[in-house]
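Below is one structure, written out as structure tokens, with a few remarks after it.
Any read-out appearing in this document is the output of simple, stated calculations on the displayed coordinates, not a laboratory observation. Because the structure is a prediction, the values reported are computed rather than measured. So basically every Cβ, Gly included, is an ideal-geometry build from the backbone, and we count neighbours across all protein chains shown.
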Ligand SMILES: Nc1nc2c(ncn2[C@@H]2O[C@H](COP(=O)(O)OP(=O)(O)O)[C@@H](O)[C@H]2O)c(=O)[nH]1
Ligand SMILES: [Mg+2]
């Protein structure tokens, strides 16, 4: 039997937790290769949630664990819970699940099936075909959740992952073990986003299960959407390879432009040597882009420390960059011939945004900074 541990953080969930625990055991009782245990992480709920757990522990014995922590938010509760789970319970898979019946236990077997099929990390997605959020959510909550997920999804350029902030997940323990040390100070949604981002960067196989997310049964929400949205947004800005790659491209553009300007205007390169000035500035920008991408944008996929690999990859990088130049010049010329010369700057910007950026990002990922 493989052990699957459902970690459920609770703060004032006395109206929900008993029936939820019973439902978890009821929907999983026929699973053949999985033994299910539950870890409740309760932050000294004043409503006496822990007392209810201690009562129900009499019935389920060692199947239910209780960890009592200080009230320091959801991220911290998960952090402490995971630490405890890895040290004391040693499960094969760890679930995250809310206590308020928003995450229906009936989906647990589907998550486990995906794990059996080879997934390392299964997300219960509200934003995929077959999933949903409650219709009566307020406009602000809908706005933060839907828009936030789109920003994260496209910021990380991972369109297949539709729900980054979902708190209903099954994760293999090795991922949590690897990631936990860097998660200590992550709170709320950022905790969820960071855990998933790090798993992807480690090469974990990610799968989704569609879920209908329900309104909480009893009690009230404790999450502050605006605060978490801002934190999450800044996490994406600082951790997305794609966004860093765009910034590096912009730095390259500035370098290219300034050096050619200096050579032509200040060092007085002769007219028939302008091509040389632009070649020098362009190549310096390419070298800078290559280094910045390797040590910053794609630092999780850094090129092996081997001179030959470096040189071949640098050569490929030059070829891809040459491709960009050709696409750009041809594109501007084609639009100029068709529409007219007056908008050439718009053509150039459009081609960079919609052709060059996706083209080079895809090729870099395919040929230079490949998944290990
Ligand atoms: N242990 C612990 N659990 C918390 C804390 N804050 C929220 N939770 C739990 O986290 C889950 C999600 O919280 P909830 O208020 O429903 O957030 P929402 O669904 O985003 O509105 C619930 O099971 C809460 O009881 C906390 O500080 N400590
Ligand atoms: Mg809730």
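Can you list the equivalent-ellipsoid semi-axes of the chain, largest first and in whole Å, using the square root of 5 times each Cα gyration tensor eigenvalue? Present the calculation step by step, with values, prior to reporting the outcome.
Values: eigenvalues 510, 91, 64 Å².
Whole-Å semi-axes of the equivalent ellipsoid: 51, 21, 18.
Based on DSSP H runs of at least 4 residues, each adding -39500 (n - 2.57), what is the mean residue ellipticity at 222 nm of the chain after dividing by all its residues, to the nearest 500 deg cm²/dmol? Spell out each step's value before the answer.
Values: 13 runs with 185 residues, N = 372.
Computed mean residue ellipticity for the chain: -16000 deg cm²/dmol.
I want to verify a result. In a Gaussian network model of the chain, Cα cutoff 10 Å, which of these has the top mean-square fluctuation: 194, 50, 346?
346
With just the Cα atoms defining each centre, how far is region 221-247 from region 69-83? Give it in Å.
Here the two parts' Cα centres lie 21 Å apart.
To make sure I understand, if each residue's beta carbon is the centre and we count other beta carbons within 10 Å, what order do 163, 256, 100 fall in, fewest to most?
Values: 163 26, 256 20, 100 23.
Placing the least packed residue first, the sequence is 256, 100, 163.
Looking at the chain, what % of its DSSP beta bridges pair antiparallel, to the nearest 5?
That works out to approximately 25 percent antiparallel.
Relative contact order (percent) for the chain, with alpha-carbon contacts under 8 angstrom and 6 or more residues of separation?
On the way: 530 pairs, mean separation 56.2, N = 372.
For the chain, the relative contact order is 15 percent.
Cα gyration tensor of region 146-241, axes a ≥ b ≥ c as square roots of the eigenvalues: rounded (a/c below 1.5), prolate (a/b > b/c) or oblate? Walk me through the numbers on the way to the answer.
Values: a/c = 1.34, a/b = 1.25, b/c = 1.07.
Rounded shape, in that the Cα axes give a/c under 1.5.
Return the single residue from 98, 304, 178 with maximal mean-square fluctuation; model: Gaussian network over the chain, springs between Cα atoms under 10 Å.
The residue that fluctuates most here is 304.
Take every DSSP beta bridge with both residues inside region 105-213 and express the antiparallel ones as a percent of the total, to the nearest 5. Walk me through the numbers on the way to the answer.
Numbers: 3 of 9 bridges.
So the antiparallel bridges in region 105-213 amount to around 35 percent.
Counting other C-beta atoms within 10 Å, which of 229, 35 has the fewest, and how do the rest follow?
Ordered by Cβ neighbours within 10 Å, fewest first: 35, 229.
Choose one answer from 32, 218, 22: the residue with the largest mean-square fluctuation in a GNM of the chain with alpha-carbon springs under 10 Å.
Among 32, 218, 22, the largest GNM mean-square fluctuation belongs to 32.
Return 28, 165 ranked ascending by Cβ neighbour count within 10 Å, so the fewest neighbours appear first. It would help to have the intermediate numbers written out before the result.
On the way: 28 18, 165 22.
In order of increasing Cβ crowding within 10 Å: 28, 165.
Kirkwood hydrodynamic radius, region 238-372, all distinct C-alpha pairs: what's the number in Å? Provide the component values of the computation, followed by the final result.
Working: mean 1/r = 0.0620 Å⁻¹.
Kirkwood radius, region 238-372: 16.1 Å.
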